[in-house]
Every structure is written in C-alpha cells, then in structure tokens.
Amino acid sequence: DNKRAYAAHHGYELIVHEPAATLPAPWSKVDALLLHLRRFDWLLYLDGDALVANPAICLESFLDDAYDVVMAEDWGGYNTGAFLVRNSTFSHELLRAMAAAATGKLDLARREPWYAKTLPFEFEQRALHYLTDTAAWRKWAARAPTKVPRVDPAEAARTRSHIKVVPQCALN
C-alpha cells in the first residue's frame with residue numbers, strides 16, 4: 001500500500017494502530033501517538049484514508065526543532081489528518097490534554113446532535129481547536145458563550161506557539 005511503500009523507500013518504520021473500541025476511531029490517533037511517541041524523535045500520524053502524494057519528499061524536510069507539532073491548515077483551520085509530533089514534554093502534555101478533553105469533564109467526544117451543532121469540528125480536531133482557541137473556535141463561542149467551553153487565552157497562545165503551520169499541500 002501507499003504508506004508502506006513510502007516508509008520502505010525512506011527507511012521509516014510503519015506502525016499500524018488499531019482503533020480503540022471505546023471512542024470513535026479518529027480519537028485513537030491520540031492514543032497511538034501517546035503509545036509510540038517515546039520511541040522516536042518525531043512521529044508522523046496519517047489518517048487511514050490519507051495517501052502520500054509525493055513519495056520523493058522526505059519527512060525531514062518538514063522538521064523544525066523550534067516547534068513540537070508540524071501540521072497544515074485547511075478551510076477549517078488545523079488539520080489532524082496528517083501531522084508530525086516531536087517527542088517532547090510539550091507534545092506529551094498536549095496529547096494528554098486532548099485525551100482528557102475527549103472524555104473528561106469537557107466530554108468533547110460526545111456525539112449528541114445538539115452538541116455537534118453547538119461545537120465546531122469533530123473528534124480530536126475539536127480538542128485541538130479548543131486547546132488552541134482558534135479563530136473558528138472563538139467564532140462558535142461567540143454564538144453560544146454558555147455552551148462552548150473556552151481555554152485561558154494565554155495558555156492557548158502558548159500552545160499555538162509550539163505548532164508550526166506548513167502549506168496545505170505539504171501535509172494535507
């Protein structure tokens with residue numbers, strides 16, 4: 001398959017992670033990254049439906065040790081379908097915060113229709129947008145200020161400062 005050929009071509013290890021049965025499959029990427037990140041300096045996550053469009057480009061061309069996460073944005077902002085995570089204290093904290101937001105007090109993994117209509121995005125992208133207080137998240141919060149949770153703006157700015165955004169065509 002496409003990912004296997006790309007990994008073999010560049011000498012990367014390929015890990016296929018099976019989704020957890022307790023949450024929708026997209027949340028499993030957080031579990032997978034927490035499980036495997038300690039073994040690597042950087043780890044690329046690709047959604048199951050993602051393909052490598054240009055196998056000649058190596059991942060090292062995107063790495064930047066001034067950041068802990070490298071990802072692209074699309075029409076909705078941060079896209080977690082393909083992104084790189086550095087093995088750092090910050091990255092582990094971010095991933096744990098995303099997991100906690102899914103099932104903890106915030107329960108951002110909830111899928112009831114009213115909740116889905118009140119909060120933007122789904123799954124782990126919802127948690128990332130919440131933790132970084134993106135413009136899209138703030139827009140939704142302005143519409144429903146009592147229902148859309150907000151993170152401290154200074155903490156959100158600190159989180160955003162660890163994320164490098166690359167052109168959409170690079171990792172999307």
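Screening the candidates LEU37, LEU63 for the property of being open to solvent by less than 40 Å² (accessible area, probe 1.4 Å) and more than 21 Å from ASN2 (Cβ to Cβ) yields one hit, LEU37. LEU63 passes every criterion in (1) aliphatic (A, V, I, L, M); (2) over 10 Å from ILE163 (Cα atoms); (3) in contact (Cβ under 8 Å) with a residue 60 or more places away in the chain apart from (3).
If you scan segment 13-34, which residues turn out to be among the hydroxyl-bearing types (Ser, Thr, Tyr) and surrounded by fewer than 16 Cβ atoms within 10 Å (Cβ to Cβ)?
THR22
Applying the set (1) at pLDDT 90 or above; (2) over 19 Å from LEU37 (Cβ atoms); (3) touching a strand residue (DSSP E or B) at 6+ places or on another chain (Cβ under 7 Å); (4) open to solvent by less than 40 Å² (accessible area, probe 1.4 Å) to VAL85 leaves exactly one unmet item: (2).
Restricting segment 98-115 to residues that are in a helix (DSSP H, G or I) and buried (at least 19 other Cβ atoms within 10 Å of the Cβ) leaves a set whose member that is modelled with the lowest pLDDT is ALA102. For GLU93, indicate whether it is open to solvent by 10 Å² or more (accessible area, probe 1.4 Å), under 20 Å from PRO26 (Cα atoms), without any contact (Cβ under 8 Å) to a residue 40 or more places away in the chain and in a helix (DSSP H, G or I). When the stated conditions are applied, GLU93 passes them. The single residue among ALA50, ALA56 that is hydrophobic (A, V, I, L, M, F, W, C) and either touching a strand residue (DSSP E or B) at 6+ places or on another chain (Cβ under 9 Å) or surrounded by 11 or more Cβ atoms within 10 Å (Cβ to Cβ) (or both) turns out to be ALA50. What pairs can you find where one residue is in segment 31-47 and farther than 20 Å from LEU171 by Cα, the other is among the polar types (S, T, N, Q), and their Cβ atoms are less than 7 Å apart, with a gap of 6+ or different chains? Close Cβ pairs (under 7 Å, with a partner that is among the polar types (S, T, N, Q)) amount to ARG38/ASN87.
The values are calculated or read from the model by the stated rules, or taken from the named source; none is laboratory data. Treat the numbers as computed from the prediction; the structure is a model and nothing was measured. Because the Cβ atoms are built from the backbone with ideal geometry, glycine has one as well, and the counts that use them run over all protein chains shown. Only protein heavy atoms, including side chains, enter the accessible area calculation; ligands, DNA and RNA are left aside. Shrake-Rupley method; radii C 1.70, N 1.55, O 1.52, S 1.80 Å.
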